[in-house]
Amino acid sequence: MSSRSGRTGVVGTLAKIVLSLIVALGLCVIALIAAYRFVPPISTLMLGRWAEGEPAERIYVPLERISPALRTAVIVSEDAQFCRNDGVDWGALREVVDAADEEGPSRGASTITMQTAKNLFLWPSRSFIRKGIEIPTALLLNMAWPKRRVLEVYLNIAEWGDGVFGAEAAARRYFHKSADRLDAAEAALLATALPNPRRRDPAKPTRRHAGLAARIMARAKTAETLVECVR
């Protein structure tokens, strides 16, 4: 056998191994999506903290025990088309990809469903590879779960500070109350902390943070049609 044929055989074997690993990982993700439809999930960030011996504070609560004001504020702030899209905002995503550099997209254009997929199965750093996996995973989530479940999981795994995960833990940490008792102002402060949760403190907002929250609170007052799928 020539060296060229040997190399071809090795490449073919490696390709089969890689393909098998991809298929196995895909099946694992599908199995987890099916399981997480009914059981409280754990995010990769939480798993990472536990692996490093760091605490992760989270108290899982059903959507009914999360203030409607917070549901509305998060949708208005993070994904105004949540009830209408298929898990991906294709127009926003196209704009971001067109403006991306060699390291990948500089901003996410991520829907709530895409952020849920990333938090459950992927890593936080930006790259085309991660985005390429995130999109089909979000589409699968959107097909497998009702919108209420997507939002419930998102609100229970979103990071709201160093080691603070989920709406219930955040409400207790910052406002000393349960998530179902949050008012419109508190909900807006929490929602606008999400893009930068380790620098934005909902209990002690900067002037810019407070201004963002005021705008979200004003928009939330007329957002009934945007949240009809999660009432």
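Every number here is computed from the coordinates shown, using simple stated rules; none is lab data. The shown structure was predicted, so the numbers you read here are calculated from the model rather than taken from an experiment. Reconstructed Cβ throughout: ideal geometry from the backbone, glycine too, with neighbour counts over all protein chains shown.
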Point to revise | Global form of region 25-79, assessed from the alpha-carbon gyration tensor, a/c cut-off 1.5 | key: oblate
Study note, to complete from the structure: Cross-link reach from residue 204 to lysines, straight Cα distance under 21 Å and at least 8 residues apart if same chain, gives 177
Review point. In which sequence would 143, 114 go, from the one with the fewest C-beta neighbours within 10 Å to the one with the most?
Key: 143, 114
Exercise for review: Report the residue, chosen from 142, 85, 196, that carries the largest GNM mean-square fluctuation when the chain is represented by alpha-carbon nodes joined by springs under 10 Å.
Suggested key: 196
**Study point:** Within straight-line cross-link reach of residue 131, lysines at Cα separation under 17 Å, skipping those fewer than 8 residues along the same chain
**Key:** 118
**Study point:** Förster radius 30 Å - calculated FRET efficiency between residue 54 and residue 199 (Cβ-Cβ, nearest 0.05)
**Key:** 0.95
Review point. Which net charge results when you count Lys and Arg as +1 and Asp and Glu as -1 among the other residues whose beta-carbon is under 9 Å from that of residue 198?
Key: 0
Exercise for review: Quick one: check the C-alpha center-to-center distance for region 125-201 versus region 214-231, whole angstrom.
Suggested key: 17 Å
Review point. For the chain, the longest stretch holding no GluC sites (Glu not before Pro) located in a DSSP loop with at most 10 other Cβ atoms within 10 Å is which?
Key: 104-231
**Study point:** Tail fraction, Cα-Cα pairs, the chain, threshold 27 Å, whole percent
**Key:** 38 percent
Practice item. Give, as a single signed number, the net charge of other residues whose beta carbon lies under 13 Å from the beta carbon of residue 63, with Lys and Arg counted +1 and Asp and Glu -1. Key: +2
Exercise for review: State to the nearest 20 debye the size of the charge dipole of the chain about its Cα centre, where the only charges are +1 on K and R beta carbons and -1 on D and E beta carbons.
Suggested key: 60 debye
